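First the structure, in the form of structure tokens, and then the observations on it.
The values are calculated or read from the model by the stated rules, or taken from the named source; none is laboratory data. As the structure is a prediction and not an experimental result, all values here were calculated from the model. Counting neighbours? That spans all protein chains shown, and the Cβs are built from the backbone with ideal geometry, glycine included. Just so you know, the surface numbers come from the protein's heavy atoms only, side chains and all, with ligands and any DNA or RNA stripped out. Shrake-Rupley method; radii C 1.70, N 1.55, O 1.52, S 1.80 Å.
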Amino acid sequence: KGENFERKVRERAPAYFGRILRRCRVLSVEKLADILDDALDNGVIIEEEREEVLQSDVVITGVLRKTKEDVVMIVEVSLTVDRKDVERALRRGEIIGKVFRQKWIGAVIGKKATQGAEEDSKRLGVLLFEDGRLK
């Protein structure tokens, strides 16, 4: 079920994140790997950071509707979002921000979320989408 949900989020990213982003584009793992390899070669990140970001569920580029800024969003997908998912989104977002040298957003999406995930998402500034809606 989890893999199906992750695939659905990838395939329908504009439907899930379109209220926040215009020109919502999911980066393929291959394209992401190329970008990370270039960042590694240029000393922007280290190998462990490259590997960390490659484990991300979904990486999206787009334009923020409110501010018109280019942004990259890193999304962790889980049927039940917990604190670990929120922390992963934050950690991977910080790395991707260095790589893209632009504003980034960490996000988690699930069918439901634990109370701890809700608390941490607010405290850490990670967007939480529960059952397709921004909380």
Output the qualifying pairs, or none if there are none: Cβ atoms under 9 angstrom, residues six or more apart or on different chains, first residue in segment 5-25 and over 13 Å from I109 (Cβ atoms), second residue aromatic (F, W, Y) and open to solvent by 10 Å² or more (accessible area, probe 1.4 Å). C24/Y16
May I ask you to verify whether D120 is buried (at least 21 other Cβ atoms within 10 Å of the Cβ) and more than 21 Å from L27 (Cα to Cα)? yes
Taking only segment 43-54 into account, find how many residues are in a loop (DSSP other than H, G, I, E, B), touching a residue at least 12 places away in the same chain (Cβ under 8 Å) and open to solvent by 30 Å² or more (accessible area, probe 1.4 Å). 1
